[in-house]
1. So, in region 196-216, of the ones that are among the charged types (D, E, K, R) and within 16 Å of the chain's Cα centre (by Cα), which residue ends up nearest to Arg145 (Cα to Cα)?
2. Scan region 270-291 and report the pairs whose first residue is of a type outside the set (A, V, I, L, M, F, W, C) and whose second residue is surrounded by fewer than 17 Cβ atoms within 10 Å (Cβ to Cβ) and modelled with pLDDT of 95 or more, with Cβ atoms within less than 8 Å and a gap of 6+ or a chain change.
3. With the requirement that a residue be of a type in the set (S, T, N, Q), under 21 Å from Asn234 (Cα atoms) and part of a helix (DSSP H, G or I), what does region 161-188 give you?
4. When the residues of region 56-72 are filtered to those that are at pLDDT 80 or above and touching a helix residue (DSSP H, G or I) at 6+ places or on another chain (Cβ under 6 Å), which remaining residue is farthest from Ala18 (Cα to Cα)?
5. How many residues does region 235-275 hold that are within 15 Å of Leu170 (Cβ to Cβ) and charged (D, E, K, R)?
6. Taking the conditions exactly as written (part of a loop (DSSP other than H, G, I, E, B) and at pLDDT 95 or above), does Glu288 satisfy them or not?
7. Evaluate region 267-288: report whether one residue or more is among the polar types (S, T, N, Q), more than 19 Å from the chain's Cα centre (by Cα) and surrounded by 13 or more Cβ atoms within 10 Å (Cβ to Cβ).
8. Residue by residue through region 1-28, note down the ones that are surrounded by 22 or more Cβ atoms within 10 Å (Cβ to Cβ), part of a strand (DSSP E or B) and out of contact with any Gly (no Cβ under 6 Å at 6 or more places or on another chain).
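The values are calculated or read from the model by the stated rules, or taken from the named source; none is laboratory data. Owing to the predicted nature of the structure, the values given are computational and were not obtained by experimental measurement. Here the Cβ is made from the backbone with ideal geometry for all residues, glycine too, and neighbour counts use every protein chain on show.
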Amino acid sequence: MTEWKEFSVSINSEASDAVAAIFDDLGTSGVSIVDRNDFLTLPEYGIDTLWELDENKFPLEGVIIKGYFNDHVDLKEVEENLISRINNLPEYGISLSHFHLDVLDVKEDDWANAWKKYYYPVGVTRFLTIVPQWETYEKRFDDERLLYLDPGLAFGTGTHPTTQLCLQALEMTIRKGHTVFDVGTGSGVLSIASVLLGAETVQAYDLDEVAVRSARDNIKLNGLEEAIDVRANNLLKGIEEQADIVVANILAEIILPFIADAYANVKDGGLFITSGIISEKRDAVISELKSNHFEIIQVNQMNDWVVIIAKKLSKEEEG
């Protein structure tokens, strides 16, 4: 039986997405984020909650991010690289506090069953419910859309505030027949949701090949292979087509230099939906969007996180 190491990082919330990205880059076979905000906010969805919540398992400060590596890799090197790269995050404008690393042994069967023990259906928007693949779930109303995920493969289960904000924004803005580009697709949750909400086609991109495989598996699970094309790519580099909506749930530090490129891939009058933005970075992102001829349509916030819906102005409107 394969032995696994669980690298458990306790850290401040602002650094959570960056640490998850570091885990991905180091080749983790799975990432989980334990955030006290989940305990505080998920119960509002009623009895159909994603997690079987135990307050004692949630940190009082910051978050706990866990990555998993098997014994076929150099675990000492993983640990050294993880510590070094996290300690370097302030160089990229990401504050660092409460950083602590624990390394534990995990048996493969224990790890696989741990996902199933706590994972339940949850309504993440008015019309959209995320359902684990092994759950039997009946629609509560005719217009309810069911999005199936395998959390054992997930790079995002749809419950983090940034993902929920994007899902809510997509629900408000997608119209039947739209084309959507999902940049930094991770588990593919935003791509799948886009089709369920009415998009005709979706192009999904992620720099990480493991994320691409995860997204493909979840897309297949939902029977949407014909509607969603997912591939490895660095943001939208080399992509010449245009979409009605470009959605990017990535770090603000990546969003800022990406805005000019995104402008080229959005149709005139189309929308750029972006999240992964900590509230302190909100004004900087808004300023950069306006400088690149986007009109701010709406800004929504959940806890410390922000989503911005911006419209690309036509040449006539720019003038």
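1. From region 196-216, those among the charged types (D, E, K, R) are 200, 206, 208-209, 213, 216; that's our starting set.
Going one step further and asking which of them are within 16 Å of the chain's Cα centre (by Cα), we end up with 206, 208-209, 213, 216.
On the way: Asp206: 25, Asp208: 28, Glu209: 28, Arg213: 23, Arg216: 19 Å.
The extreme case among them is Arg216.
2. Going by the 8 Å Cβ cut-off, the qualifying pairs are Gly270/Gln242; Arg282/Val299; Lys290/Ile296.
3. Of the residues in region 161-188, the ones of a type in the set (S, T, N, Q) are 162-164, 168, 173, 179, 185, 187.
With under 21 Å from Asn234 (Cα atoms) added as a condition, the list becomes 162-163, 179, 185, 187.
If the condition is that a residue be of a type in the set (S, T, N, Q), under 21 Å from Asn234 (Cα atoms) and part of a helix (DSSP H, G or I), then Thr162, Thr163 are the ones that fit.
4. Out of the qualifying residues, it is Phe69.
5. Initially, region 235-275 is screened for residues within 15 Å of Leu170 (Cβ to Cβ), giving 243-249, 266, 270-275.
Next, from what is left, pick out any that are charged (D, E, K, R): 244.
So the count comes out to 1.
6. On the way: part of a loop (DSSP other than H, G, I, E, B): no; at pLDDT 95 or above: yes.
Spelling it out, it is not the case that Glu288 is part of a loop (DSSP other than H, G, I, E, B) and at pLDDT 95 or above.
7. Step one: filter region 267-288 for residues among the polar types (S, T, N, Q), giving 274-275, 279, 287.
After this cut, where a residue has to be more than 19 Å from the chain's Cα centre (by Cα) as well, the list is 287.
From what is left, the residues that are surrounded by 13 or more Cβ atoms within 10 Å (Cβ to Cβ) are none.
Taking every residue of region 267-288 in turn, none turns out to be among the polar types (S, T, N, Q), more than 19 Å from the chain's Cα centre (by Cα) and surrounded by 13 or more Cβ atoms within 10 Å (Cβ to Cβ).
8. Val9
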